[in-house]
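Structure first, then comments.
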Amino acid sequence: MQVPPTDQTVSDENNSGVRRVITGLGASGGIVIGRAFVLDRQIVHVSRKPISQDAVQAECKRLHDGVAESIDQLKRLKSQSSSAESAASEELGFLMDAYIHMLTQSRLVRGAEELIVSRKLNAVHAVSEVIDAIAEQFSGMEDSYLAARATDIREVGLRLMRCLIGETDRAMDNAPQGSILIAEDVSPADMARFEPGQLTAFVTALGGAEGHTAIMARSLGIPAVLGAADIVRGVAGGDQIIIDGGRGEVILSPSDADIEHYTQRRADWLAAREKLASLRDVPSSTRDGIDIDLHANIELPIELAAALENGATGIGLLRSEFMFMNKDYLPDEDEQYEELADIVKRMDGKPVTIRTLDIGGEKLAVALQDEIVSGPNPALGLRGIRLSLRKPELLEAQFAAILRASLHGSVRVLLPMVVNVHEMTRARQIYEAVAKRLRKDGHPIPETLPPLGAMIEIPAAALAADTLARDSDFFAIGTNDLTQYTLAIDRTDDQVAGMFDPLHPAVLRLIRDVIKVARERDIPVSVCGEMAGDPRYVPLFIGFGLRNLSMSPVNLLLVKQRLRRLDSRNSEHQANRVMEQWDSARIAMMLDDFNDLA
Ligand code: PEP
Ligand code: MG
């Protein structure tokens, strides 16, 4: 089942506010007209437990770390708003400055510190008391401007408390069915909490179009606009709002003409999706008869139905992180086995590529937080296979669960963030030892172990793919991280989102060369990054000799439509021409031309 955009009530009565168009990054296409649900991450419970004298220093440090994190968030919002160039964003910039000021040389921080030292309050409690005191003073003032500052001080204080607590309440659980979520930021773990149909679209002030929140939105078929800084002010819960996820546009207080126009565009969008559905059961082969495997990437089990409905012939990337999200404990072997076995069974013999845990970087798990957020640069830190090898008990439980689940169908095991062959070799030793242990304990597992493959998503791995081939049964090219690390562009950072360019010749050369190595060594190879789901790039991949693409379920039919019109020899010729280019804008134009003609 494709998660359908729930039909929104299109009401005649618009917001009383002034019509405003806000632009951000079009992270997931589609049009929705609906009512806003503004995520208000209030703190519901402040612990009043006093601290001991010994803990005072640590608590003061915690306070200052929280202040630093809050300032960092505010600076990011300010920088994001400065790129929007509207009066509203200018105003937002001033406000962020004022908030930063309140946190730097402030009574708030000094007051809280005093309370920690003198009354042994914990940092959150101390901040909450100081805010109450300052806000009360302001709100009692005659001058309405100064009285309004009480709201600001509360706002800043709440942000600080959220940073200190490190978590939020479950406010989003209250979003009514069919909501358009408006939030400063939404994490992948937040996304995993929504019920089907609860969310029809979302807009955030922060976030890049290649981060996991965006990927999840695309997978679930939920239109999304990210990095729209102006959204944090000026929208109230229940306001009517239009989202155009493809163009990255948000219309507040839409006019009647807007509503008419977008209702039509929404109908066209839904009709186009309907039409594509007729391709579900036709073969995915090129005009000259080359069969291409189209697999699905799965982030959450809920997407499985969409994968099957859109004709996926396998799962090319099962991101196992979902089993670790929103849990404050590590799931054991049995719990993981149950979840994985269910997916493998539902795929009914179709191949399922299960990736071991890729926590770290932007993907966090509460139970592993201490190990992974401590590094100064998480994207370059202890993540993926590095973390798994550092904590072998974690990998052992994963391998055991996967091996047991593999009895129910056709499974492959994929290791993320591999950089050298020793990681493969070490992981394989653990894999085989786990298999031996399972057999000894009487757990049935297949006689021949499922293939063990490597993600190629770090430039070093791509450049030395021939060395990795010595101990890898297959390759899966992750173009998201490969682009991030090749170009040194953080895939989640809205400030550099415009520079995230998978068509950069350096990225394309790496992809082409890995495919070549794999073909020479007769190792199966697929592309499973977001590029695989973009129909514009299909001729390039086919031209490189790739025969397996794995993508978000929503893109399967678009890609199939594209490849059925292609001739593989023409594509090869075109790919060779593209690889002679040095400018990615020109490459994009050439691909557009080719797609128009082919
Ligand atoms: C990738 O990096 O391209 C990939 C598929 O892995 P993820 O997006 O989960 O990091
Ligand atoms: Mg990756």
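The values are calculated or read from the model by the stated rules, or taken from the named source; none is laboratory data. Keep in mind the model is a prediction, meaning the values are calculated, not measured. All Cβ positions, even for glycine, are placed from backbone atoms using ideal geometry, and neighbour counts span all protein chains on display. For accessibility, only protein heavy atoms count, side chains too; no ligands or nucleic acids. Shrake-Rupley method; radii C 1.70, N 1.55, O 1.52, S 1.80 Å.
Data table
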{"quantity": "List 295, 504, ordered by accessible area with a 1.4 Å probe, largest first", "calculated": "504, 295"}
{"quantity": "Among 331, 478, 453 the positive-end extreme of the charge dipole of the chain (Cβ point charges)", "calculated": "453"}
{"quantity": "Potential extension, residue 107-residue 390 segment - 0.36 nm per residue separation minus Cα distance", "calculated": "97.5 nm"}
{"quantity": "Separation between Cα centres of the stretch 246-269 and the stretch 188-229, rounded to whole Å", "calculated": "19"}
{"quantity": "FRET efficiency for residue 193 and residue 65, using Cβ-Cβ distance with R0 set to 35 Å, rounded to 0.05", "calculated": "0.85"}
{"quantity": "Dipole moment magnitude, nearest 20 debye, the chain about Cα centre, only Lys, Arg, Asp, Glu C-beta charged", "calculated": "1380"}
{"quantity": "Acute angle (nearest 10 degrees) that the helix 123-139 long axis makes with the longest principal axis of the chain, alpha-carbon atoms", "calculated": "50"}
{"quantity": "Accessible-area order (highest first, 1.4 angstrom probe) of the listed residues 132, 281", "calculated": "281, 132"}
{"quantity": "Computed FRET value (nearest 0.05) for residue 573 with residue 285, which takes r as the C-beta separation and R₀ as 30 Å", "calculated": "0.95"}
{"quantity": "Most to least packed among 266-272, 346-352 [average Cβ atoms within 10 Å]", "calculated": "346-352, 266-272"}
{"quantity": "Spatial separation of Cα centroids for the stretch 444-508 and the stretch 536-598, in angstrom", "calculated": "19"}
{"quantity": "Label-point separation in nm, residue 426 to residue 263, each point 7 Å along Cα→Cβ", "calculated": "6.2"}
{"quantity": "Residues of type aspartates and glutamates that residue 391 reaches as a straight line, Cα spacing below 18 Å, ignoring anything fewer than 8 places off in the same chain", "calculated": "321, 328, 332, 333, 358, 370, 371, 423, 432"}
{"quantity": "Per-residue SASA entry for residue 54, accessible area with 1.4 Å probe, Å² rounded to 10", "calculated": "140"}
{"quantity": "Trypsin sites (Lys or Arg not before Pro) within the stretch 189-248, DSSP loop, no more than 14 other Cβ atoms inside 10 Å", "calculated": "233, 247"}
{"quantity": "Heavy-atom SASA rank of 479, 23, 486 (probe 1.4 Å, accessible area, largest first)", "calculated": "23, 486, 479"}
{"quantity": "Nearest-0.05 FRET efficiency for residue 270 and residue 56, computed from C-beta distance (R0 41 Å)", "calculated": "0.10"}
{"quantity": "Linear extension gain, residue 342 paired with residue 20, 0.36 nm per residue minus alpha-carbon span", "calculated": "111.3 nm"}
{"quantity": "Extension gain (nm, one decimal) between residue 255 and residue 133, 0.36 nm per residue minus Cα-Cα", "calculated": "39.6 nm"}
{"quantity": "Simple spin-label estimate for residue 565 and residue 155 in nanometres, 7 Å along Cα-Cβ", "calculated": "4.8"}
{"quantity": "Percent of Cα-Cα distances greater than 40 Å, calculated over the chain", "calculated": "31"}
{"quantity": "Solvent-accessible area of residue 262 with every protein chain in place, 1.4 Å probe, in Å² to the nearest 10", "calculated": "10"}
{"quantity": "Nearest-10 value in Å² for the accessible area of residue 261, using the 1.4 Å probe", "calculated": "90"}
{"quantity": "Signed unit charges on C-beta, dipole axis of the chain, positive-most listed residue 496, 246, 585", "calculated": "585"}
{"quantity": "Shape of the stretch 177-329, Cα gyration tensor, a/c cut at 1.5", "calculated": "oblate"}
{"quantity": "Label-to-label distance, nm, for residues given as residue 119 and residue 513 (7 Å Cα→Cβ offset)", "calculated": "6.3"}
{"quantity": "Cα-based reach from residue 120 at 30 Å (exclusive), listing lysines while leaving out same-chain residues under 8 positions away", "calculated": "49, 61"}
